[in-house]
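*Asks:* The structure under discussion is supplied below as structure tokens; questions concerning it will follow.
The values are calculated or read from the model by the stated rules, or taken from the named source; none is laboratory data. This one's a predicted model, so the numbers in the text were calculated from it and none came from an experiment. Cβ placement follows ideal geometry from the backbone for every residue including glycine, while neighbour counts extend to all protein chains displayed. For accessibility, only protein heavy atoms count, side chains too; no ligands or nucleic acids. Shrake-Rupley method; radii C 1.70, N 1.55, O 1.52, S 1.80 Å.
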Amino acid sequence: MIPDNVFSDKQNARFAKMESAPGEVYLKILHLPTQQPEYLEVMRYFMDLAVKSLRDGRRGDAARYIGTICHQIEDYGSPSHTVPGDNMFTLLQQFLPPTEVMKDQLMHGPIENGDFKVSIAGYSPKLLGTTVNEASWRLMHRVHDEILNARSTTVPIIQSLYAGDQESVVKHQLRAATMDAQVVADAVYTILCLGSEKYSAEEKTSLQQVQFGSFFPLEAASLYYPQQQFYSSPHWSHPRSGVILAGGSKAMPLKLRLASGEKEFANGISAGMGKTLTFLLPKEVYARFTVLAGLHPELGAKGRVEFAVSGDGKPLRTITLNGTDPATLIECDVSGVSQLQLTLTSRGVDSKSNYAIWAEPTLLKP
């Protein structure tokens, strides 16, 4: 509760402050997600303080810093914190008009209040990294999943409140709270492992690489693509994870032509021309980036696309492929890179056939 009590509990208020935000007592980023670079730094900052406190034997301080980062995780995954800039739901209520009984209530409290217990019995917490930089970065992406999960519960909770159906309210609250608890467990377990510098060989092996075809790029502000990020070629849409859209409406599996034949991919990104996708990378963690680049063998047979990979704005690798070419494995050195950019450019005359795919984008440790 430290971040909620910074004005009433002066002794503990310092555990919710950041040196990079001088004089900022009520650090809003602990309660509401902004954009990735900002809240990643907040996660990294408080995780680092918790780990240092454990290693120095200051368990009380460690517990307070762990509590602060847990507050951030829990708030981000709370249904009452899911609408950017509208956590009192005054705008959303214009789309979901309240009943006569609820019309004068601010909805933040009713959406999150309740009397229920959360159990994650049998859940095994996951190690998120062997350094603070790696762990906070992976934690951020776990939190993205819980934000989306919480968003899917918000409207059902409001509708249940309007209907006076408390059982349904609790059911949807529990769906958000359970995932919150799992992510908190991952974070606490990881911090304790980092503090003691103890990791199993199996856990370390599992962290050697990460595929990020489902991660949100910086362009997907607040975890959605604003209209300025939509593209018009080969159709009017935005980047998609795990599927490619035929004509902008029919979802089809990601598929590429390889030397050995055609293959479908579960992890990857389909995107249009002229819009860069930018992914944050943790410092001093990954050394190589690999991805299979190509065009969908049926939808993109007449296309011609330039695939470009950049690191911090500097070109790393560029290739141009025809729709009849087999996919090409791109490998790049990303040591020292903090932002990885993927860009597609039309290099043919039939832009409607530029169904381009980044399959199995992967970061690997040295």
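*Asks:* Whether any residue in the range 268-277 is over 11 Å from residue 360 (Cβ atoms), within 22 Å of the chain's Cα centre (by Cα) and among the charged types (D, E, K, R) is what I want to check.
*Replies:* yes
*Asks:* Taking the conditions exactly as written (of a type outside the set (A, V, I, L, M, F, W, C), on the phi < 0 side of the Ramachandran plot, surrounded by fewer than 18 Cβ atoms within 10 Å (Cβ to Cβ) and more than 19 Å from the chain's Cα centre (by Cα)), does residue 166 satisfy them or not?
*Replies:* yes
*Asks:* Any idea which of 199, 189 is outside any helix (DSSP H, G or I), touching a Leu at 6+ places or on another chain (Cβ under 8 Å) and open to solvent by 50 Å² or more (accessible area, probe 1.4 Å)?
*Replies:* Selected residue: 199, the only one of 199, 189 that is outside any helix (DSSP H, G or I), touching a Leu at 6+ places or on another chain (Cβ under 8 Å) and open to solvent by 50 Å² or more (accessible area, probe 1.4 Å).
*Asks:* Going residue by residue through the range 205-221, is there one that turns out to be outside any helix (DSSP H, G or I), among the hydroxyl-bearing types (Ser, Thr, Tyr) and open to solvent by 60 Å² or more (accessible area, probe 1.4 Å)?
*Replies:* Taking every residue of the range 205-221 in turn, at least one turns out to be outside any helix (DSSP H, G or I), among the hydroxyl-bearing types (Ser, Thr, Tyr) and open to solvent by 60 Å² or more (accessible area, probe 1.4 Å).
*Asks:* Scan 101, 132, 118 and give me the residue that is open to solvent by less than 30 Å² (accessible area, probe 1.4 Å) and among the β-branched types (Val, Ile, Thr).
*Replies:* Exactly one residue qualifies, and that residue is 132.
*Asks:* Quick check on this structure: which one of 142, 138, 175, 151 is in contact with a Gly (Cβ under 8 Å, 6 or more places away or on another chain) and at pLDDT 95 or above? So that I can check it myself, show each step before the final result.
*Replies:* Working: 142 fails: in contact with a Gly (Cβ under 8 Å, 6 or more places away or on another chain); 175 fails: in contact with a Gly (Cβ under 8 Å, 6 or more places away or on another chain); 151 fails: in contact with a Gly (Cβ under 8 Å, 6 or more places away or on another chain).
Just one listed residue meets the conditions, 138.
*Asks:* So, in the range 134-154, exactly how many residues are over 23 Å from residue 339 (Cα atoms) and either without any contact (Cβ under 8 Å) to a residue 60 or more places away in the chain or in contact with a strand residue (DSSP E or B) (Cβ under 8 Å, 6 or more places away or on another chain) (or both)?
*Replies:* Here the count works out to 1.
*Asks:* Continuing with this model, one more query. Only one of (1) modelled with pLDDT under 95; (2) crowded, with 16+ Cβ neighbours inside 10 Å; (3) of a type in the set (D, E, K, R); (4) over 26 Å from residue 36 (Cα atoms) fails for residue 302. Which number is that?
*Replies:* Condition (1) is where residue 302 drops out.
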